[in-house]
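The values are calculated or read from the model by the stated rules, or taken from the named source; none is laboratory data. Predicted model, so just to flag it, every value in this text is computed and none were measured. Because the Cβ atoms are built from the backbone with ideal geometry, glycine has one as well, and the counts that use them run over all protein chains shown.
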Amino acid sequence: MSDLVAGEDFQQLFREFTFTAFRLENQGIYREPHEAEPLRQFLAGEQPDDRWLQPWVDNVRKATSEGRQFQRVRVLTEPLTDYLRFEMDLALRQNIPAGEDIRAVSQPEAVGLGLPENTDFWMFDDERVALMHFGDHGMLGAEMLTDPDTVAQYREWCDRAWDVAVPHEQWAKLLP
C-alpha cells in the first residue's frame, strides 16, 4: 500500500475534479468520530445536529452549480444497520438537496454483480481512484490509484453499480 492521502489533501480532491466524483460505499457501519453525536441523536429520535456536514454540503452545491457531478451508490445491508438508516436520512435532508445523486443497491445484488466487497472508493473524472482505508476510528486515508488498467476495472464496477442502483425516490421508501 502506498502512502495514504488524508485530511486537507483528501478534501482537495473534491474541489479540483473536473467532471464527476463517484463513490461506491460498501460498509454497513462507519466509525467517524464527528458522526458519533449526530448518530446518537438520530437513534434517540432527536433532530441530529448536521453542522459538521456543512463544509461538504457547501462544496457539493458549489461544484454542482458549476456543472460538476457527485454520484454515489450505497450498498445496503439486509436488514439495514442503524448507521445506514442514519446515513440515508442524512442524505435526504442534506446531501441530495445540495446536489448529490445518491442511489442504492442491496448487498445480494452487489455480490451478484461482482462488485468488490468491503471496498469503498471515490473515482474522479474516470482517471484516478481514491481507495479508502478504514480503522476502528474512521477513515485512515485513501490510496491513490492511477494505473490505467486498474482504473478501468474500477470504472467497470462504477458502471455496473450505477446501472442497477435505484434512485433516492425509491430507496427512501425503505426508511421507517
Tell me whether the range 71-91 contains one or more residues that are more than 13 Å from Trp171 (Cα to Cα) and in contact with a Gly (Cβ under 7 Å, 6 or more places away or on another chain). yes
Tell me, yes or no, whether the range 13-31 has at least one residue that is touching a helix residue (DSSP H, G or I) at 6+ places or on another chain (Cβ under 8 Å), among the small types (Gly, Ala, Ser) and at pLDDT 95 or above. yes
Would you confirm whether any residue within the range 56-77 is within 23 Å of Leu140 (Cα to Cα), modelled with pLDDT of 95 or more and either hydroxyl-bearing (Ser, Thr, Tyr) or assigned to a loop (DSSP other than H, G, I, E, B) (or both)? no
Quick check on my filter: what residues within the range 96-134 are farther than 16 Å from Phe14 by Cα, without any contact (Cβ under 8 Å) to a residue 60 or more places away in the chain and not hydroxyl-bearing (Ser, Thr, Tyr)? Pro97, Gln107, Pro108, Glu109, Val111, Gly112, Leu113, Gly114
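Return a yes/no flag: does the range 25-35 have any residue that is of a type in the set (A, V, I, L, M) and either in a helix (DSSP H, G or I) or over 18 Å from the mean Cα position of the chain (by Cα) (or both). Don't jump to the end; show me each part of the working.
Taking the range 25-35 as the starting set, the residues that turn out to be of a type in the set (A, V, I, L, M) are 29.
Within this subset, residues satisfying the condition of being either in a helix (DSSP H, G or I) or over 18 Å from the mean Cα position of the chain (by Cα) (or both) are none.
No, that holds for no residue.
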All but one of (1) farther than 21 Å from Gln12 by Cα; (2) in contact with a helix residue (DSSP H, G or I) (Cβ under 9 Å, 6 or more places away or on another chain); (3) surrounded by fewer than 16 Cβ atoms within 10 Å (Cβ to Cβ) hold for Phe86; state the number of the condition that does not hold. (3)
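Any idea how many residues of the range 135-154 are crowded, with 16+ Cβ neighbours inside 10 Å and free of Cβ contacts under 8 Å to residues at least 60 places away in the same chain?
3
Would you pick out the residues in the range 88-126 that are assigned to a helix (DSSP H, G or I) and touching a strand residue (DSSP E or B) at 6+ places or on another chain (Cβ under 7 Å)? Show your work before the answer.
Keep residues of the range 88-126 that are assigned to a helix (DSSP H, G or I), which gives 88-98, 107-112.
Of everything in the range 88-126, those that are assigned to a helix (DSSP H, G or I) and touching a strand residue (DSSP E or B) at 6+ places or on another chain (Cβ under 7 Å) turn out to be Ala91, Asn95, Ile96, Gln107, Ala110.
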Among the residues of the range 131-138, is any at pLDDT below 95, farther than 15 Å from Val73 by Cβ and either of a type in the set (D, E, K, R) or in a helix (DSSP H, G or I) (or both)? yes
